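As C-alpha cells, the structure follows; a few thoughts come after it.
The values are calculated or read from the model by the stated rules, or taken from the named source; none is laboratory data. These figures come from a predicted structure and were not determined experimentally. Note: ideal-geometry Cβ built from the backbone for every residue, glycine included; neighbour counts use all protein chains shown. Quick note on the areas: whole protein, heavy atoms, side chains included, nothing else; ligands and nucleic acids left out. Shrake-Rupley method; radii C 1.70, N 1.55, O 1.52, S 1.80 Å.
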Protein chains: 4
Amino acid sequence: MKLNVSATLTYGFDSDTQVIAAIEAARSPDQTIISESLVISPDAVLVRDQDPMTGERRFRTALSGQVQISYQALVDNGKRIPLVPYARQHDWSELPQDVLPYLLPSRFSPSDEFMRFAQREFCAIEAGGARILAVLDWLHEHLDYVHGVSHAQTTAEQTFIDRAGVCRDFSHLGIALTRALNIPARAVSAYALDLDPPDFHAIFEVYLNGGWWLVDPTQLAPVEGIVRIASGRDAADIAFLTSQFNCQCLNQSITVSRAQDDVGSDDAGQQAA
Amino acid sequence: MKLNVSATLTYGFDSDTQVIAAIEAARSPDQTIISESLVISPDAVLVRDQDPMTGERRFRTALSGQVQISYQALVDNGKRIPLVPYARQHDWSELPQDVLPYLLPSRFSPSDEFMRFAQREFCAIEAGGARILAVLDWLHEHLDYVHGVSHAQTTAEQTFIDRAGVCRDFSHLGIALTRALNIPARAVSAYALDLDPPDFHAIFEVYLNGGWWLVDPTQLAPVEGIVRIASGRDAADIAFLTSQFNCQCLNQSITVSRAQDDVGSDDAGQQAA
Amino acid sequence: MKLNVSATLTYGFDSDTQVIAAIEAARSPDQTIISESLVISPDAVLVRDQDPMTGERRFRTALSGQVQISYQALVDNGKRIPLVPYARQHDWSELPQDVLPYLLPSRFSPSDEFMRFAQREFCAIEAGGARILAVLDWLHEHLDYVHGVSHAQTTAEQTFIDRAGVCRDFSHLGIALTRALNIPARAVSAYALDLDPPDFHAIFEVYLNGGWWLVDPTQLAPVEGIVRIASGRDAADIAFLTSQFNCQCLNQSITVSRAQDDVGSDDAGQQAA
Amino acid sequence: MKLNVSATLTYGFDSDTQVIAAIEAARSPDQTIISESLVISPDAVLVRDQDPMTGERRFRTALSGQVQISYQALVDNGKRIPLVPYARQHDWSELPQDVLPYLLPSRFSPSDEFMRFAQREFCAIEAGGARILAVLDWLHEHLDYVHGVSHAQTTAEQTFIDRAGVCRDFSHLGIALTRALNIPARAVSAYALDLDPPDFHAIFEVYLNGGWWLVDPTQLAPVEGIVRIASGRDAADIAFLTSQFNCQCLNQSITVSRAQDDVGSDDAGQQAA
C-alpha cells in the first residue's frame, strides 16, 4: 500500500538541548521510501544515523527556543502479512545473533516476572504463531484502552495489574508475555492508517518462522496500513524525541492517508469487470 | 475446639535491641485462654499491651545476646463458622468506626491498584459472602504455593504477577482484592492445626453481616483449628517480632495440637452407639 | 491563635458513591472549635465519626451528581510550640500503646528501606529533637518544592531519588526517616496560614518528650498557624475525600485567615504601653 | 599484563533447557587471547556467536541433567589506563552511532530517575573524567559492600535508597548516575585479579575522549587486572548464563592469576639494577 505520512512537531526548549529524533520512516527491506522531506525550523545542523541492519534512521542535533520539526514521506509498505497461526517457533540455537537481545527482559517489558503466568495461561496452545495470537486475544479481552491511567514510566507489570492503558502499554505487556514464552519480541514505532485521533503508534514484532511479524495488540490499526519508523527493546529505544533536558511539546500533528494513485488498486479487477 | 499451642523462638541480638513481640493468643471474644505461660530466658523486663477493642496482646522489651522466648497456651477457640455465601455486604455508612481503616489500601495490600481487575473478575457474582468465596477460589486456582519466590517485602502486586507465594502472599492478595470490592479486610496471624510443617500462619478476615469472618486463602488449615494472635492492616502490623535492629532467628519451633480432653468430643455419640 | 478556616469543594459523581470525608478541624486537646458549620448541597444524610483518642472527625455519606461540600470554622489553636532540640527520644518501652503503630513502616513511608541511610546521615547528631531538626534541614536542603513531578501514589522512595515533590512528598520522606531513627511519626492534614496558593496542607508529627510535635518539612507554613484536621500512618489515612469510585474534583477553594479579634493580640502589651 | 583465567561451573537442569553463556574472554581490541579451551561435559553441540563490533563471544546450546562447563584462557590484556580527570565529555552529536544506546535508561540503571540528583551533586565538578571520578568517589563513600541485601532484580533505585550492595549493584548505580550526566555508560562482566573470594566481577565503562574507560566502583580490583568478557546495557545483557527455565548452580569456581612469564616484568629494571 502506498501511504502519505506526515508529522509536524513543535517543541519549546529552555536552553540549548541535545536531542535524538526518530520520526523518519525506516528504509527497511519491507518498505520503500518513494519521496520524503525533513525540515527543521529554524534551521539546525543534523547528524544523520542509519542502522546498517534495520535501515532505521535517527537524527541528532542541538535545539533551543521554539522549534518546528516537519517530516513528510510517500512510502510503499509493500504487502504486510498478518501473523499466521502456523508460524513456527524457533529454538534459541536457530535464531540469528542479532535477534537474541529481544529474548531478554527489559525495563518496561520485564518478561522474567511473567514466566509462571505465561506458562499457565498459554502453554495449552500450540507453540508458535497460534500461541502469540492467543496472547493478542488475551490482551484485547483483559485490557481496556484508556487514556490517562498510565504515563511514560509505566511498566508491563503495572498494566497487567491495572488492566488498562494505551498502545504503548498494550505493547509492553504483549512483549513481556511473548518473551516469557521464549519468543523474541521488539517494540516498534510507526505511522498507522485509521488511527483516531491520528498519532504515532506503538506496536510490536515477534520473531517466528525466520522473520519478524508485526502485530497490533490494540487492534486499532490494520498491519497493512503500518509504516515502520524504529524498533528496539521497549519504548525507551523508540521514543520519537529523546532530549538531554526536559522540553515542552507545544504542538503535534500527525497525518496518514492512502496515496491517491494507490486508492482503488485493491479492487481494480472488480472495476474492470 | 480446645487446642494446645506453643512457640519456642531463639534469637541472636548483636546489641541491646528494643523489640515488640506478638506471639500470645488473643483474649478476643471468640476464644478463651484456659491457661498459658510466657518465659523469656534469660529473664527480661516486659511491658505488656492489650488492645482494649480486640483483646490482642503484645509485649515490649529490650534483648541482647542469645535469647529464647517460649510461649505455651491451652485455648478454647469455640466454634468458628466458615464464611457463608449469603453473608451480607455493608454500605460504608453501616460499618463500625473502628472497621473503616480496613477499607483502605496498605503497603502490602494496595487495593486501589486492583479496582479494575476486581470489578471485571468478580462483579458478576452476587455481593457479599459469595463474592469473597469467589475471590478465595480464584486465589486457589491461580496461585501456586511455593517457598522461596517471595520475601518479607513482597507486595500483592508482585504476587499477582508472579502467581506464587506462601500464606502471607496469598493473604495480601486476598486482602487487596477484598478491599477493592469495598469490603473491609484485615491480616491475621495465628496458630493453626494441621499446618505441615508447623509454623505461624497468616490468614485474613473479611467484615460481612456485622462481623469478622476468618478465611484461609491457602486452604491449608481449617478455620476450626485457628487460634488468633494479632490482626492489622497487613503483615507489618502482625509480625511476631518487630525489632529495632536486625536480629538473627536461630531456631523456631511451633506446635499446635488438639487438647486431650477435646479429642473425641465430636464423635461421642458414635462411641456410645 | 484564632483562625477562620473554610473549604468549599465541588465534586462530580457518575453514580451513587460512598465517601468518607476528613475536612473538619479536629476536636483535639490542642485546639478549640469556637464555631463551625458544615453544609452539603444538595442535602445528604451523614454518619459522623469522632475518634475517642484524638478527637479527629470524619463524616460518611453517599453522594451522586454534582455536590458541594462547604465547611467553615473559627478555631483557637492555642499556642503551638516548635520542636525543640532537647526534646527527649523514648525507648519503645516508654511509649504509650497507641503510639506504637507509628513506629512501623507504611506504604508511602516505608521506613525499613531507609535504616542504613538514616543511621549514616543522622546518627552523629544527638538523639531526640536535635536529630529530627537535622532531618528537617536535610529535607529542605536536598528536595525541591515542585508541582507535577509526583502523584497520589508517589512513595518516599521515589521522592528520595527524584529529590523533588510537594508537601505530601516532603512529609512522607520525613516520616520515613523519622521512623528509621526509631522515633514515632504520623502524617497530619491541616489548614495552614500563609500557604500560597491556599490549599490543604500535609505535614507531620513526631513523638518526643511525652508528646506529639508538629513539624512542616516544606517550611512553607509556621506551625503557629496550623489547624489540625486528621492524622494517620500516611496520606492514605488522611485523605480529605476517600471515595468508593473515581470522582471528579470540579472546584476547590480553601481560605485560612487570622480572626479579627485575634489580630494584634500578640503585641497588645506594646500597644497599651 | 598476562593473566590465566578459569571458570568451572556445574549446573543442574530439570529438563532440556536452552541456554546462552557468556564466559569466554572477549576478543576485543584491548586484549589478546593467547590460548584458551572450553569444555562442556557431557559434550554438547554449541552455536558460537562473536559480536562483530566488540569481539565479545557467547555460545548457545541445550543442556539437561548435571552439566559442567569449564573455560580456561591465557589472556594478555595489554595496558589498561585508569580514567583520567581530563578525559573530555562529548556532545551527543560527536558520539559514534553504536554508542548512543548507552545514553538511555535501562531496567537496572534507570538514569532518567536520577537527573535531578546527578545535577545537584556533581555539576559543580568539571564535565568529563573529573565528574565521573567524583561519581566513583561518591559511590565508595556512600555505599557499603554487603552480601545478601540485594538480589538479581535489584535496581539502582533500590541500591541508592538502601546504600548497600555488591559489585553488580555498585555498577548499576554508577551507570545510572553517569547516564544522568549525559555520558554513555555500559555494564561489563569480567575476570578480575585480586578479587577475594574470586568470582565473576561486574564493573562498568564510560565513554569519554573518544573511547571506553573501564572503572570499578567497588575499588576491589585494579583495572590493570581485568579481563573483559561481555558488555551491555546492564546486568541482564551480560549474565554469564541465561537459561530458558530455572536451573540450579551446583558449583562455581573462578580463578584469576598473573601468568608465570608475566610476573616480575613490571620491576624487571629494578631487578637488573
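Are there any pairs with C-beta distances below 7 angstrom linking a residue in region D:139-158 that is away from chain C (no Cβ under 12 Å) to a residue that is part of a loop (DSSP other than H, G, I, E, B) and of a type in the set (S, T, N, Q), with the two at least 6 apart or on different chains, and if so which?
Listed pairs, sorted by first residue: D:140/D:219; D:145/D:218.
From B:236, B:230, B:221, grab the single residue that is in contact with a Ser or Thr (Cβ under 9 Å, 6 or more places away or on another chain) and within 18 Å of residue B:166 (Cα to Cα).
B:236
In region C:124-138, which residues are open to solvent by 20 Å² or more (accessible area, probe 1.4 Å), out of contact with any helix residue (DSSP H, G or I) (no Cβ under 8 Å at 6 or more places or on another chain) and outside any helix (DSSP H, G or I)?
Residues satisfying the conditions are C:124, C:126, C:127.
With respect to residue C:175, determine if the residue is modelled with pLDDT of 95 or more and either part of a helix (DSSP H, G or I) or charged (D, E, K, R) (or both).
For residue C:175, the condition - modelled with pLDDT of 95 or more and either part of a helix (DSSP H, G or I) or charged (D, E, K, R) (or both) - is met.
Could you grab me the full set of residues in region D:103-117 that are in a helix (DSSP H, G or I) and within 12 Å of chain A (Cβ to nearest Cβ)?
D:103, D:111, D:112, D:113, D:115, D:116
Which numbered condition in (1) open to solvent by less than 40 Å² (accessible area, probe 1.4 Å); (2) of a type in the set (Ser, Thr, Tyr); (3) farther than 29 Å from residue D:195 by Cα is the only one that residue D:111 fails?
Failing condition for residue D:111: (3).
Select, from B:42, B:96, the only residue that is of a type outside the set (Lys, Arg) and either within 30 Å of residue C:21 (Cβ to Cβ) or not assigned by TED's automatic domain parsing to the domain that holds residue B:15 (or both).
Residue meeting the stated conditions: B:96.
Report the residue count in region B:139-169 for those that are part of a loop (DSSP other than H, G, I, E, B), polar (S, T, N, Q) and open to solvent by 40 Å² or more (accessible area, probe 1.4 Å).
Adding up the residues that qualify gives 1.
With respect to residue D:230, is the statement that it is within 30 Å of residue D:16 (Cα to Cα) and aliphatic (A, V, I, L, M) true?
Considered against the rule, which asks whether it is within 30 Å of residue D:16 (Cα to Cα) and aliphatic (A, V, I, L, M), residue D:230 comes out as yes.
Go through (1) at pLDDT 95 or above; (2) open to solvent by 60 Å² or more (accessible area, probe 1.4 Å); (3) of a type outside the set (Ser, Thr, Tyr) and name the single condition residue A:53 misses.
For residue A:53, the failing item is (1).
Go through D:120, D:80 for me and flag whichever is surrounded by fewer than 21 Cβ atoms within 10 Å (Cβ to Cβ), touching a strand residue (DSSP E or B) at 6+ places or on another chain (Cβ under 9 Å), within 23 Å of residue D:191 (Cβ to Cβ) and of a type in the set (D, E, K, R).
So the residue among D:120, D:80 that is surrounded by fewer than 21 Cβ atoms within 10 Å (Cβ to Cβ), touching a strand residue (DSSP E or B) at 6+ places or on another chain (Cβ under 9 Å), within 23 Å of residue D:191 (Cβ to Cβ) and of a type in the set (D, E, K, R) is D:80.
Can you name the number of the only condition in (1) assigned by TED's automatic domain parsing to the domain that holds residue D:227; (2) without any contact (Cβ under 8 Å) to a residue 40 or more places away in the chain that residue D:117 fails?
(2)
Of the residues D:3, D:46, only one is over 16 Å from the mean Cα position of the chain (by Cα), buried (at least 17 other Cβ atoms within 10 Å of the Cβ) and in contact (Cβ under 8 Å) with a residue 12 or more places away in the chain; which?
So the residue among D:3, D:46 that is over 16 Å from the mean Cα position of the chain (by Cα), buried (at least 17 other Cβ atoms within 10 Å of the Cβ) and in contact (Cβ under 8 Å) with a residue 12 or more places away in the chain is D:3.
Scanning for something over 16 Å from residue D:106 (Cβ atoms), within 11 Å of the chain's Cα centre (by Cα) and open to solvent by 20 Å² or more (accessible area, probe 1.4 Å), does region D:247-254 turn up at least one residue?
Checked region D:247-254: no residue is over 16 Å from residue D:106 (Cβ atoms), within 11 Å of the chain's Cα centre (by Cα) and open to solvent by 20 Å² or more (accessible area, probe 1.4 Å).
Test residue C:61 against the stated conditions and say whether it is within 14 Å of chain B (Cβ to nearest Cβ), open to solvent by less than 50 Å² (accessible area, probe 1.4 Å), under 24 Å from residue C:234 (Cα atoms) and at pLDDT below 95.
When the stated conditions are applied, residue C:61 does not pass them.
Can you tell me how many residues within region A:84-98 are surrounded by fewer than 16 Cβ atoms within 10 Å (Cβ to Cβ) and either facing another protein chain (nearest Cβ under 8 Å) or aliphatic (A, V, I, L, M) (or both)?
Counting residues in region A:84-98 that are surrounded by fewer than 16 Cβ atoms within 10 Å (Cβ to Cβ) and either facing another protein chain (nearest Cβ under 8 Å) or aliphatic (A, V, I, L, M) (or both) gives 4.
Name the one entry in B:175, B:161 that is within 14 Å of another protein chain (Cβ to nearest Cβ) and without any contact (Cβ under 8 Å) to a residue 24 or more places away in the chain.
B:161
Scan region C:1-11 and tell me whether some residue there is within 14 Å of chain B (Cβ to nearest Cβ) and farther than 25 Å from residue C:223 by Cα.
Checked against the condition, which is being within 14 Å of chain B (Cβ to nearest Cβ) and farther than 25 Å from residue C:223 by Cα, region C:1-11 yields no hits at all.
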